[in-house]
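The values are calculated or read from the model by the stated rules, or taken from the named source; none is laboratory data. Just so we're clear, the structure is a prediction, and the values are computed from it rather than from any experiment. In this analysis, Cβ positions are derived from the backbone assuming ideal geometry, glycine residues included, and neighbour counts consider all displayed protein chains. Side chains included, ligands, DNA and RNA excluded: accessible areas come from the protein's heavy atoms. Shrake-Rupley method; radii C 1.70, N 1.55, O 1.52, S 1.80 Å.
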Amino acid sequence: MSKPTWNPGLRAVLNELPLDLPGVVEGKMFGFPAYYVHGKLFACLYGEGVGLKVPGEIANSLLTERHVVPFQPLGRPPMREWVQINRPQAEDYRQDAALFRASAEFVGTVVGTAGKKR
């Protein structure tokens, strides 16, 4: 099995999208470029696409689109509330700027069971 890769051209485009949001920083997940908000992962480059955490109802809606699949990094089972967006060109991800913002806001404001932001 070959080692999964990620698209460097996509990283350049995404660095322009989510990093202008408060609390968002770039990091790594499974060795791949990733984006965190207040320490919580919300997006990760993987293969030819981007894994993105969104509320379940949005994930279900997105999965009806041809360019969206369940996010399964390293062959793992699909991650709950995660999708992978696979656009033909890196520049095409600019269309998803509002979705990246919604993802960062969702992850940054999710309340844990103790009533604290997690």
Using the Karplus equation 6.51 cos²θ - 1.76 cosθ + 1.60 (θ = phi - 60°), what ³J(HN,Hα) coupling, rounded to whole Hz, does each residue of the stretch 83-89 give in order, writing x for Gly and Pro?
-> 10, 10, 9, 10, 8, x, 10
Under unit Cβ charges (Lys, Arg +1; Asp, Glu -1), what dipole magnitude, rounded to 20 debye, does the chain have relative to its Cα centre?
-> 500 debye
Under the rule rounded for a/c under 1.5, else prolate if a/b exceeds b/c, else oblate, using alpha carbon gyration tensor axes a ≥ b ≥ c, the stretch 45-103 is classed as oblate
Which one of 59, 72, 86 has its Cα pushed farthest toward the positive end of the charge dipole of the chain, where Lys and Arg give +1 and Asp and Glu give -1 at the Cβ?
-> 72
Any idea what angle helix 97-109 forms with the longest principal axis of the chain, computed on alpha-carbon atoms, 0 to 90 degrees, nearest 10?
-> 40 degrees
Carbon/sulfur fraction of accessible area - the stretch 7-118, other protein chains in place, 1.4 Å, % | 53 percent
Rounded to 5, percent antiparallel among DSSP beta bridges of the chain | 95 percent
Additional length obtainable on full extension of the chain from residue 105 to residue 72, 0.36 nm per residue less Cα span = 9.6 nm
Set the Förster radius R0 to 22 Å, insert the Cβ-Cβ distance between residue 57 and residue 16 as r into 1/(1 + (r/R0)^6), and round the FRET efficiency to 0.05.
-> 0.20
Find how much the distance from residue 91 to residue 26 grows on full extension, using 0.36 nm per residue of separation minus their present alpha carbon separation; answer in nm with one decimal.
-> 21.5 nm
Per-residue accessible area, 1.4 Å probe, largest first, puts 40, 28, 53 in the order 28, 40, 53
In whole Hz, the Karplus estimates of ³J(HN,Hα) for the stretch 65-80 (6.51, -1.76, 1.60; θ = phi - 60°; x where Gly or Pro) are 8, 4, 8, 10, 9, x, 7, 9, x, 6, x, 6, x, x, 8, 4
Net length gained if the chain between residue 41 and residue 80 were fully extended (0.36 nm per residue, minus Cα distance) | 12.7 nm
Convex hull of the stretch 1-83 built on C-alpha atoms - directionally averaged projected area, nm² | 5.8 nm²
